[in-house]
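The values are calculated or read from the model by the stated rules, or taken from the named source; none is laboratory data. Please read these numbers as outputs of a predicted model, since none were measured by experiment. Cβ atoms come from the backbone with ideal geometry, glycine included; neighbour counts cover every protein chain shown. Ligands, DNA and RNA are stripped out before the accessible areas are found, and what is left, the full protein with its side chains, is counted by its heavy atoms. Shrake-Rupley method; radii C 1.70, N 1.55, O 1.52, S 1.80 Å.
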Amino acid sequence: MQPEATNATENIVIKTSARTSVWSALVGVAISLTNTIIQILMIYWILSAYGTEFNGFVRISMSIAIIGGTCEGALGVTTVILMAKPIMEKDWITANESFSTAKRKYRNKLWRGLIFVTLISILYPLEIALAPHFLQGDPITTSITGPIIKDGIDPITIHLWELGFVCFFFGFKQVVSSSIFGIYENVLEADKQNYLRRAIILFTDVIVYMLIISLLSYINFKGIHISPVLVFLPIVIYPFIRGFMIMVYVKRKYPWIKFYADFNDHNLVRKSSKLFFSSLGINTLMNADIIILLIVLGASGLKTTSMLSIYMIVGINIRIIMLNFIVSFREFFISQILREGRIEWKTYTNYELYTYIVAAFSFVMISILTPFVATGLFGNVIAKDFDGTEASAIYQAEALKYIFSGQEFSILFGLSTSAIIIVQGQYVLVQAKGIEKRTTKWLNLIATWYVVTEAITLVLLYFFAFNSGDKPNWIPNIIRYFYIIKLIFMMIAYFFLWSFTWTHITYNSSLKNVIPNFIFLLVPVISTSLFIKYGLSQFALIKINIATTEAGTISVIVDSISIPTIVSVLAITGITSLPICIILPLIFRPKIGLNIIVNLPIVKQIIQKNSSKLKIARFIDAGINAEEESNQNDQIMKSLYDQIEENNEIINDENYFEKRYKYKNTPKVYTLKPTETTVTKVKTKK
């Protein structure tokens, strides 16, 4: 009966994992939507209170803080992987070994992280002050000026030391969250409780950021000046609110989790270091947008940086929401690789098709919807910052026009987002196989060539475009070529990972379904691009007019986008995306397309509920009491578990072995030896 009990246990674990995956996906979507709303409100009130330049500074400070936590991220991923199995099997010794080692490493990184954050907080404001002077010959910047909040009140002046403190706050939040409380978050992730962790993070976000938003709105309504240092001071308490809540829950839920100073898991130390270096190249490829932000910052000021960051916030949050829908699918394939070592080629192509569908749908959403959302929310606020700007900064106004109303940029940004999704899909399989070390060399080499190519291209554009007097097209050209080069190198990385999957992760590999899957990705991309280029302007159009006044200043007018326009764009997006992203796979591969729709988290939950209701209805029709049957099954399962536990107790009892084997004869051991050739002497008769 023990094998049957084991199978029953596995079924319960699988159902629990599936249910957890559904909840994780649903909570993930809710958190992503809420975070999007919080960020949109934050950006709007920062723009109104402190202006476009300060908003650009805040967005880059947050990005730098996240990059500073990359090493802790590698340690966290390794800890989650190594603790998942011991927690599931209730192996407290192994789990505590990983817990103690990770906690010690986290604490050791605390002071190094704080030193790094302090240096960035000093050097980054200095770069803002000195870069325009050395690159463009402008005077050294000592402060930035905010917008006019109310008539008759001078705009606020934000000094460099205030920028330094704001940058430090964001870095401090990241370092403390990971170094002191990161290990407790790893425990929740390892026990498939990530949705609870994210819910606590959402609760903390709402408290802290709503406090900051309230202060920013108070500045706008009252028309008073408050230093950004005071407004963003609540960021300092953020990690403690979030961390203490998670820590208290973990200590109550897992009382056996304890820190032992003499425990040391060398495997965790070695794997975390390898993971950091192995993921360095892929992270550079996917998150290198910070490079263009810093380059634009040094060359043209913070306004263009702010414009890009606003566009990216809207687009990236759409990408995050879309990625939540494939969490359960990825977990399934990861578990299958962990269990069987490889996956069948047919199974892989199904996974690839679903990843392509999500990537295509993300492209449609981002390329069509993002320009209207970003312009409708922030276009007029940014345009006010150009009032009174000298005509020499015409390239910043052209950058605004290119980013928010240019159809080309929305297509390039949507393509880069889709490329990130399919590359992540391939890299997840490599990580599940545990052989990412083999890809490190080539991915790091691709990332190095990518950074070198980008740097050379942007420097050449600067000297040949800006210095030649072609100022209006300088920033648009930089953005255009940056994303084209990024797309090229992302596809190189993708095809490298694809070939690696072909040889090391799948068996029975063939070219079957490769071309149809790729067609399902290309058809939505090409048709949507053509629609944006030639058809979207017939329904909705973003108009940004730039003019030079008689006083030698720039005037930027952004036509307001009405709610009916946004609703019509949403309808167009839905009508455009469903046929080419969903119906096309249903026609040519109906079984797989239907299976994908059925396994969507929300649809799957509805089907399971309906299935349970139908089963109960069949029991009633057959005259079977479903409740009694359920109670009998529970009693059977309980008796099986009791028997398993009893057997384990007997096996672990030393007296049992002594009583059973003490007076038994030692079994004979036979050793097989090679046959020896013997010489037989034959006596002959005389």
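Does ALA190 qualify as being surrounded by fewer than 18 Cβ atoms within 10 Å (Cβ to Cβ) and closer than 25 Å to LYS85 by Cα? Here the answer is no, as ALA190 does not meet what is asked. Checked against the criterion of being among the hydrophobic types (A, V, I, L, M, F, W, C), open to solvent by 50 Å² or more (accessible area, probe 1.4 Å), out of contact with any helix residue (DSSP H, G or I) (no Cβ under 8 Å at 6 or more places or on another chain) and modelled with pLDDT of 70 or more, the candidates PHE240, PHE244 yield just one match: PHE244.
When the residues of segment 278-302 are filtered to those that are at pLDDT 70 or above and open to solvent by 10 Å² or more (accessible area, probe 1.4 Å), the one that is farthest from ILE64 (Cα to Cα) is SER279.
In segment 441-454, which residue that is among the aliphatic types (A, V, I, L, M) and open to solvent by 50 Å² or more (accessible area, probe 1.4 Å) is farthest from THR78 (Cα to Cα)? Result: VAL452. Residues that are at pLDDT 85 or above and small (Gly, Ala, Ser) within segment 116-130 comprise just one, SER121. Any residue in segment 487-496 that is assigned to a helix (DSSP H, G or I) and modelled with pLDDT under 90? Checking segment 487-496: not a single residue is assigned to a helix (DSSP H, G or I) and modelled with pLDDT under 90. Select from segment 383-441 the residues that are aliphatic (A, V, I, L, M), modelled with pLDDT under 85 and closer than 30 Å to HIS504 by Cβ and list them in ascending order. Result: VAL428, LEU429, VAL430, ALA432, ILE435. Regarding segment 196-213, can at least one residue be identified that is part of a helix (DSSP H, G or I), open to solvent by 20 Å² or more (accessible area, probe 1.4 Å) and of a type in the set (S, T, N, Q)? Within segment 196-213, not a single residue is part of a helix (DSSP H, G or I), open to solvent by 20 Å² or more (accessible area, probe 1.4 Å) and of a type in the set (S, T, N, Q). Can you find, within segment 558-577, the residue that is farthest from PRO524 (Cα to Cα) among those that are aliphatic (A, V, I, L, M) and exposed (fewer than 13 other Cβ atoms within 10 Å of the Cβ)? Taking the candidates together, the pick is ILE563.
Of everything listed in (1) of a type in the set (S, T, N, Q); (2) free of Cβ contacts under 8 Å to residues at least 24 places away in the same chain; (3) out of contact with any strand residue (DSSP E or B) (no Cβ under 6 Å at 6 or more places or on another chain), the single unmet condition for THR157 is (3). A search for C-beta distances below 7 Å between a residue of segment 444-465 that is without any contact (Cβ under 8 Å) to a residue 60 or more places away in the chain and more than 15 Å from ILE484 (Cβ to Cβ) and any residue that is surrounded by 12 or more Cβ atoms within 10 Å (Cβ to Cβ) and of a type in the set (S, T, N, Q), counting only pairs 6+ apart in sequence or on different chains, returns ALA465/ASN473; ALA465/ASN477.
Per-residue answers, yes or no, for (1) at pLDDT 70 or above; (2) touching a strand residue (DSSP E or B) at 6+ places or on another chain (Cβ under 7 Å); (3) surrounded by fewer than 18 Cβ atoms within 10 Å (Cβ to Cβ):
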residue	(1), (2), (3)
SER21	no, no, no
SER24	no, no, no
GLY28	no, no, no
ILE37	yes, no, yes
GLY56	yes, no, no
SER61	yes, no, no
MET83	yes, no, no
LYS90	yes, no, yes
GLU97	yes, no, no
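For segment 497-549, the candidate set comprises residues that are in a strand (DSSP E or B) and without any contact (Cβ under 8 Å) to a residue 60 or more places away in the chain; within that set, the residue that is most open to solvent (accessible area, probe 1.4 Å) is ASN545. Filtered by the rule that a residue be open to solvent by less than 40 Å² (accessible area, probe 1.4 Å) and within 29 Å of GLU53 (Cβ to Cβ), segment 173-187 gives LYS173, VAL175, VAL176, SER177.
Of all positions in segment 221-232, none carries a residue that is closer than 16 Å to ILE31 by Cα and open to solvent by 40 Å² or more (accessible area, probe 1.4 Å).
Condition check: open to solvent by 10 Å² or more (accessible area, probe 1.4 Å), at pLDDT below 80 and of a type outside the set (Lys, Arg). Does MET322 satisfy that? So MET322 fits the description; yes.
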